[in-house]
Amino acid sequence: MVRNLVSWFFIVVLAVVFCGFIAGCKEDQAKEPPKIEVIPDVKEAPVVKEAPPVEVKPALERVSIVTDMGEIVIELYPERAPITVKNFLQYVNDGFYDGLLFHRVWPGFMIQGGGFTPKLVEKQTRPAIKNEAKGGLSNLRGTVAMARKRPANSATSQFFINVVNSAGLDYGKVITYPDGSTDSAGYAVFGKVVTGMKVAEAIVNVPTTDKYSSRGATMKLCPIKPIVIKSVKVIKK
């Protein structure tokens, strides 16, 4: 009797152990194997190159400005300032500038002309043009730009030649005027002096004084001895 009970006891223990083993195997099979995360290759960040310098294609026209202090030759860039160049050439071809003055000379800055007669009468012009200061050409030494009033699109016939680098006149640069008002529209460059820079430097250094226009307006930095523009002509190729 006792022997039979012991036998049954061992049979039950073996059965329980066997069932536990089987259950454990099934549980392991039910679990999904852990996922292996694949990290993609890290590519190097693209190299950011500096913007290339502004390309200025060869000028289509050159213009001779003959003054009573010598000749200045400029080349024009119609691809960068087409409206401005067209406007300037129309004044040139009409003979508009002949006999006018470089009426304003600012040492260490620029010389300005193309608007007043020797009697300081302002010559009648065509309508003002659009400001093309966004063209990308900077007001560097030797460049030629359009003079204007406070409104951005107010240039007509007057132009100036920079005798020093004046990038502060470029589009987007804030200019503060004596009355506290500001302007960032810039001054449109449309050409560059190719010969005669020494003439421009001589003009900017002449003695100046305040004068009065025919309308009674004060004109500062006028040459004491008028600097006359004898002729402005397109140079034939």
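Can you pull out every residue in the range 175-223 that is β-branched (Val, Ile, Thr) and modelled with pLDDT of 95 or more? Within the range 175-223, Val189, Val193, Val194, Thr195, Val199, Ile203, Val204, Val206, Thr208, Thr209, Thr218 qualify. Taking each residue of the range 117-128 that is among the small types (Gly, Ala, Ser) and looking for partners that are surrounded by 15 or more Cβ atoms within 10 Å (Cβ to Cβ) with beta-carbon atoms closer than 9 Å, six or more apart or interchain, yields Ala128/Arg148; Ala128/Ala155; Ala128/Thr156. One residue stands out among those in the range 69-84 that are surrounded by 22 or more Cβ atoms within 10 Å (Cβ to Cβ) and more than 12 Å from Ala200 (Cβ to Cβ): the one that is nearest to the chain's Cα centre (by Cα), which is Ala81.
Taken over the range 132-147, the criterion of being under 16 Å from Ile175 (Cα atoms) and part of a loop (DSSP other than H, G, I, E, B) is satisfied by Ser138, Asn139, Ala147.
Which is of a type in the set (D, E, K, R), surrounded by fewer than 18 Cβ atoms within 10 Å (Cβ to Cβ), touching a Ser or Thr at 6+ places or on another chain (Cβ under 8 Å) and outside any strand (DSSP E or B), of Arg150, Arg215? If you could, list the steps in order and put the result at the bottom.
Values: Arg215 fails: touching a Ser or Thr at 6+ places or on another chain (Cβ under 8 Å).
Answer to the selection: Arg150.
Does Val42 qualify as being of a type in the set (A, V, I, L, M) and modelled with pLDDT under 95? Write out each step before concluding.
On the way: of a type in the set (A, V, I, L, M): yes; modelled with pLDDT under 95: yes.
Criteria met by Val42.
Residues in the range 190-212 that are crowded, with 17+ Cβ neighbours inside 10 Å and among the small types (Gly, Ala, Ser): Gly191, Gly196, Ala200. Somewhere in the range 88-110, is a residue farther than 20 Å from Ile229 by Cα and aliphatic (A, V, I, L, M)? Within the range 88-110, not a single residue is farther than 20 Å from Ile229 by Cα and aliphatic (A, V, I, L, M).
The values are calculated or read from the model by the stated rules, or taken from the named source; none is laboratory data. Predicted model, so just to flag it, every value in this text is computed and none were measured. Virtual Cβ from ideal backbone geometry, glycine too; neighbours counted across all protein chains shown.
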